[in-house]
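Here's the structure, in structure tokens; my notes come after.
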Amino acid sequence: MRCRRPLLLLYCLLAFFLLHCARSSESHTDLRVLIEADPAHFDPRIGGDQASIRLHQLLYNGLVVIDDQGLPAPSLAEHWEQEDDRTYLFKLRPGLRFHDGRPVTAADVAFTIDSVRNGEVVSTFKKDLELIAASEIIGPLTIRFRLKQVFAPFLTRLTLGILPKDSPPDNRKPVGTGPYMLKEYRWGDRIDLVANPDYFRGPPAISRVQLRIVPDETSRLLEIRKGTADLVYGDISPDHIEQLRTDPRYQVFTGDSWKYDYIGFNLEDPILSDPRVREAIAYAIDREKIISHLLRGRARLATGMLSPGHWAYEGNVRKYRHDPHRAAKILDDAGYPDPDGNGPRPRIVLEYKTSNSELARRKAAVFQEQLRQVGIKIRIRTNEWATFFEDIRKGRFQIYSLTWTGVDDPDLYRFRFHSQSVPPNGANRNRYRNPELDRLLEEGYQETDLDRRKRIYAQVQKILAVDLPEISLWHGEEIAVVKRDLLGFRLSPSGDFRVLGELRWRER
């Protein structure tokens, strides 16, 4: 009996120790962020999908960064000067270091840029960077770029993350200069990041960040309700916002966004190559109804890629209000009559590809029903993000829908619609070709006068609204759900994940 009291005391001490450890492990030293998909590539020269770009924003820095007004601001470059209309001189910040401790030099900048422009790495950035005639290393921290011709949006293209020289393509152990470093990646599960103590803007206050990959939105919502997620930025649909506003543990942020939703067509498809079929589909889609009901009013109708607040926006373009009768008449004229009147047989059968997220599936179901009403049968095919996006890049589709983020300079139209920008040389995934548009796009990127550029891109927007390589849907709001004890969060119209490096927990 005498030995029981010391043993009981030992058990109590052990229980106290374990409880203390458990509480310590739950302390606010970590940040749990829910994301929808795995990144396709760790290499900033290669990955162009949203999940990859978000990770790149945490791991890397470019010479410049785009601010919330869409203008270039210093990042790794301390400053720059334009020596003439084709020559730019950049001076790096002193003391910059990569995650592995190596100093960042002009040679690393030259290597990163040259590996893309010379084609050593297959990259969608090549078309822009190949306009550089030479990269001249002036000193350890100074580099000069000489362009082949005037390129008005050149500075906005230098957001590309800088890598150490001789970095292999798509390295699974990425080394950058960003606020966080990669610790571990488990495909389909999580990405573990640790703070970069040498980050040039100061080490992040939160030492560890876990990006948890949760493709299903219902599961993401459940994690929020359980309180096991600290932040969801962009990967939550408007349908759930009002429910989450009542949760005292979280704040809900909403605001204007550069996001742009659209339906894309494969213009090499024998059916969709006919502009009348694309026009009929545009009239068959009731975008106002989708915004009102599915998106809870948290979006604005789009007339093109640029939102109304952009300096180059042109609203006087052809528009397609919901008109199913007109859609049916256009299909009749295109040689696709209804085979059985009001019967079940369709005029056309098309395959629609999308990701397997909840909102994407619901949106697909609405499109399917609206197109059924004009005699177009849609077969929906969903895949996890990486497979879906690869199919779109390779042209293995008839119809798809995507969201474009980060629309800044209107030269993005060249990246998306120039006939030479078909992947892997750009993002002309629809295989659209128009010599007149090509001419305007080439004129636009060489024009430095803002008023003349605006007039050029007004013509571009009018042509695309008639040719319809894609249907402009809406500009959705930027949405974030954030724990109330998490301080320093701010929305940006581009949905920039670099904000994670600015967060801190409220002291208790």
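Does segment 40-62 hold any residues that are more than 13 Å from PHE389 (Cβ to Cβ) and of a type in the set (Gly, Ala, Ser), and which are they?
Residue satisfying the conditions is GLY62 alone.
Residues checked against (1) outside any loop (DSSP other than H, G, I, E, B); (2) in contact with a strand residue (DSSP E or B) (Cβ under 9 Å, 6 or more places away or on another chain):
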{"residue": "ASP391", "(1), (2)": "yes, yes"}
{"residue": "TYR400", "(1), (2)": "yes, yes"}
{"residue": "ASP409", "(1), (2)": "no, yes"}
{"residue": "ASN428", "(1), (2)": "no, no"}
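So if I check each of ARG455, ARG439, ARG498, ARG433, which one is of a type in the set (Lys, Arg), surrounded by fewer than 22 Cβ atoms within 10 Å (Cβ to Cβ) and not in a helix (DSSP H, G or I)?
Exactly one of ARG455, ARG439, ARG498, ARG433 is of a type in the set (Lys, Arg), surrounded by fewer than 22 Cβ atoms within 10 Å (Cβ to Cβ) and not in a helix (DSSP H, G or I), namely ARG433.
Between LEU231, LEU221, LEU272, LEU211, which is in the same structural domain as PHE417 (by TED's automatic domain parsing) and touching a helix residue (DSSP H, G or I) at 6+ places or on another chain (Cβ under 9 Å)?
LEU272
Out of segment 99-109, which residues are surrounded by 19 or more Cβ atoms within 10 Å (Cβ to Cβ) and either closer than 18 Å to LEU158 by Cβ or basic (Lys, Arg) (or both)?
Once the filter is applied, which keeps residues that are surrounded by 19 or more Cβ atoms within 10 Å (Cβ to Cβ) and either closer than 18 Å to LEU158 by Cβ or basic (Lys, Arg) (or both), segment 99-109 yields VAL104, THR105, ALA106, ASP108, VAL109.
Of all residues in segment 236-260, count the ones that are part of a helix (DSSP H, G or I), farther than 30 Å from PRO410 by Cα, of a type outside the set (D, E, K, R) and out of contact with any helix residue (DSSP H, G or I) (no Cβ under 6 Å at 6 or more places or on another chain).
Adding up the residues that qualify gives 3.
With respect to the numbered conditions (1) surrounded by 19 or more Cβ atoms within 10 Å (Cβ to Cβ); (2) at pLDDT 95 or above, which one is the sole condition not fulfilled by ARG146?
All conditions are met except number (1).
For segment 220-274: of the residues being of a type in the set (S, T, N, Q) and farther than 26 Å from ALA465 by Cβ, which is surrounded by the fewest Cβ atoms within 10 Å (Cβ to Cβ)?
Here the residue is THR246.
Output yes when any residue across segment 406-419 is in contact (Cβ under 8 Å) with a residue 40 or more places away in the chain, among the polar types (S, T, N, Q) and in the same structural domain as LEU295 (by TED's automatic domain parsing), and no when none is.
Looking through segment 406-419, none of the residues is in contact (Cβ under 8 Å) with a residue 40 or more places away in the chain, among the polar types (S, T, N, Q) and in the same structural domain as LEU295 (by TED's automatic domain parsing).
So, of the residues in segment 327-360 that are assigned to a loop (DSSP other than H, G, I, E, B) and basic (Lys, Arg), which turns out to be surrounded by the fewest Cβ atoms within 10 Å (Cβ to Cβ)?
Looking at the filtered set, the residue picked out is ARG345.
How about segment 182-209: which of its residues are surrounded by 19 or more Cβ atoms within 10 Å (Cβ to Cβ) and not hydrophobic (A, V, I, L, M, F, W, C)?
Within segment 182-209, TYR185, ASN196, TYR199, PRO204 meet the criteria.
Is at least one residue of segment 14-31 surrounded by 10 or more Cβ atoms within 10 Å (Cβ to Cβ), at pLDDT 50 or above and either touching a helix residue (DSSP H, G or I) at 6+ places or on another chain (Cβ under 9 Å) or not acidic (Asp, Glu) (or both)?
Looking through segment 14-31, at least one residue is surrounded by 10 or more Cβ atoms within 10 Å (Cβ to Cβ), at pLDDT 50 or above and either touching a helix residue (DSSP H, G or I) at 6+ places or on another chain (Cβ under 9 Å) or not acidic (Asp, Glu) (or both).
Give all pairs with beta carbons closer than 7 Å in which a residue from segment 188-200 that is over 14 Å from ASP38 (Cα atoms) and polar (S, T, N, Q) meets a residue that is at pLDDT 95 or above and part of a loop (DSSP other than H, G, I, E, B); count only pairs at least 6 apart in sequence or on separate chains.
ASN196/HIS99; ASN196/GLY178; ASN196/PRO179; ASN196/PRO203
Kindly list the number of the only condition in (1) out of contact with any Leu (no Cβ under 7 Å at 6 or more places or on another chain); (2) in a strand (DSSP E or B) that fails for GLU81.
Among (1) out of contact with any Leu (no Cβ under 7 Å at 6 or more places or on another chain); (2) in a strand (DSSP E or B), GLU81 violates only (1).
Contact list please: Cβ distance under 6 Å, first residue in segment 54-82 and at positive phi, second residue of a type outside the set (Ser, Thr, Tyr) and at pLDDT below 95, pairs at least six apart or on different chains.
GLY70/ASP408
The values are calculated or read from the model by the stated rules, or taken from the named source; none is laboratory data. These numbers were taken from a predicted model, which means no experiment stands behind them. Here Cβ is always computed from backbone atoms with ideal geometry, including for glycine, and neighbour counts include all displayed protein chains.
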